[in-house]
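Here's the structure, in structure tokens; my notes come after.
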Amino acid sequence: QLGISSSMTKQIPFFNYPSIFKEHGDEYANLMTDICSRGAYIMQQELLDFEKALAEYLGVKYAFGVGDGTMALIMGVRAAGLEPGSEIIVPSHTFVASAAAIHHAGCVPVLADCGPDHLVDGSDIAKRITKKTSAIMPVQLNGRVANMDPIEELCRIHDLKIIEDSCQALGAKFRGKFAGTFGAAGAFSFYPSKTLGCFGDGGAVVTNSDEVAEQIELMRDHGRNANGSVSLFGYNSRLDNVQAGVLLLKLREYGVQVEKRRSLAARYQKGLGDLSAVFLPPAPDAENEHFDIFQNYEIEADRRDDLRTYLADQGIGTILQWGGRVIHQFEELGLNQDVPRTEAMTHKFMLLPMNTSVSFEDVDYICEQIHNFYNK
């Protein structure tokens, strides 16, 4: 039984940005007043504390706060020491930043297809490995980690490195291991709508490698070491101290936020699991080897565009991730590899509201309206 049956139209935005601040407004205001009154803006104690807490949470040796998730990826690829011009395999079903990071780091992106869970398919990766391949970039989308078993095996066989795009998957696990900790480096984004989001742009790179850590620490601050000597061309990409303070505060209750999302996903499963016209992501406890955090709730739906229009009329906000286009569909980029499952999926995929401002009653109303659409 769903918890609501109402003829009244509710208003459920896809994402309620003002609610991010309102939930703990006084704490955030006090935090910002404290930091700003001390003039502690760049690379101060809050950043050091957040980096330490993030590393401890993920069980890694190093975590570096940087300007955003894209720069985290660029620096992760550069620090891995790959041959310039070599190929890195990345799924087409991802934000363009994944491939852009490979390009800007001096390598060549090669696109791979996805599986039923919308994540990169290890068997398809195997078909795309050449003598020029130097690494694989699995993208841990929507708060779920790809099946890393075949990817790790391919890396062992072909002597390849793993650089993870985990921008949507902080806290997600595969076989008990966190997203971002499988390879040479892992990148995270703290964009406001992320499961752990700040009040602007922010990102982090994590690694267990001393060599990679040394490179990242230099690159994020113009290539300068502690003595001010410049040993490589770097970037101005440091996580602002105010944002680090906000993230540190949020990280302390992050587990509660993740469990709320998993509960919402279970509610969607209960409300929509019987609809043949809708293909859902795996339920929270469907597979023992996966622990999903549900950054997004991405479904495939028959008559998708008509469904979205209908839901909008009922006050429900939905979006098509990245505007509904994935990397191989941007013809100007010239990355036109054949990825038939990804191509087919993009004609049906869409995101339903999934964040901690959404209530169980909201989910029940959304499910009710989707049933109404397909029953008409």
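The values are calculated or read from the model by the stated rules, or taken from the named source; none is laboratory data. All values reported here derive from a predicted model rather than from experimental measurement. Please note: Cβ atoms are built from the backbone with ideal geometry, for glycine as well, and neighbour counts cover all protein chains shown. These accessible areas exclude ligands, DNA and RNA; they are computed on the full protein's heavy atoms, side chains included. Shrake-Rupley method; radii C 1.70, N 1.55, O 1.52, S 1.80 Å.
Structure data summary
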item: Single residue of the range 264-289 satisfying the filter (under 21 Å from Ala146 (Cα atoms) and part of a helix (DSSP H, G or I)) that is least open to solvent (accessible area, probe 1.4 Å); result: Ala265
item: Qualifying residue in the range 229-239 (condition: within 30 Å of Pro18 (Cα to Cα) and of a type in the set (A, V, I, L, M, F, W, C)); result: yes
item: Any hit, the range 299-309, residues being surrounded by fewer than 18 Cβ atoms within 10 Å (Cβ to Cβ) and modelled with pLDDT under 95; result: no
item: Among the residues listed as Arg220, Arg267, Arg262, the single one being basic (Lys, Arg), within 16 Å of Met75 (Cα to Cα) and modelled with pLDDT of 95 or more; result: Arg220
item: Which listed residue is in contact (Cβ under 8 Å) with a residue 24 or more places away in the chain, more than 28 Å from Gly67 (Cβ to Cβ) and open to solvent by less than 20 Å² (accessible area, probe 1.4 Å), from Ile125, Ile136; result: Ile125
item: Lone unmet requirement of (1) in contact (Cβ under 8 Å) with a residue 40 or more places away in the chain; (2) over 11 Å from the mean Cα position of the chain (by Cα) for Ala226; result: (1)
item: Test: residue in the range 338-351 that is open to solvent by less than 60 Å² (accessible area, probe 1.4 Å), within 20 Å of Phe190 (Cα to Cα) and not small (Gly, Ala, Ser); result: yes
item: Search result, residues across the range 339-376 that are outside any helix (DSSP H, G or I) and hydroxyl-bearing (Ser, Thr, Tyr); result: Thr346, Thr356, Ser357, Ser359
item: Any hit, the range 13-33, residues being open to solvent by 60 Å² or more (accessible area, probe 1.4 Å), farther than 25 Å from Asn142 by Cβ, in a loop (DSSP other than H, G, I, E, B) and of a type outside the set (A, V, I, L, M, F, W, C); result: no
item: Unmet criterion (only one of (1) at pLDDT 95 or above; (2) outside any helix (DSSP H, G or I)) for Asn336; result: (1)
item: Matching residues, the range 101-118, being open to solvent by less than 30 Å² (accessible area, probe 1.4 Å) and not in a strand (DSSP E or B); result: Ala101, Ile102, Ala105, Cys107, Asp113, Gly115, His118
item: Scan of the range 72-100 for residues that are assigned to a helix (DSSP H, G or I) and either surrounded by fewer than 24 Cβ atoms within 10 Å (Cβ to Cβ) or over 15 Å from the mean Cα position of the chain (by Cα) (or both), ordered by number; result: Ile74, Met75, Gly76, Val77, Arg78, Ala79, Val96, Ala97, Ala100
item: Every residue from the range 145-161 that is open to solvent by 10 Å² or more (accessible area, probe 1.4 Å) and on the phi < 0 side of the Ramachandran plot; result: Asn147, Asp149, Pro150, Glu152, Glu153, Leu154, Cys155, Arg156, Ile157, His158, Leu160, Lys161
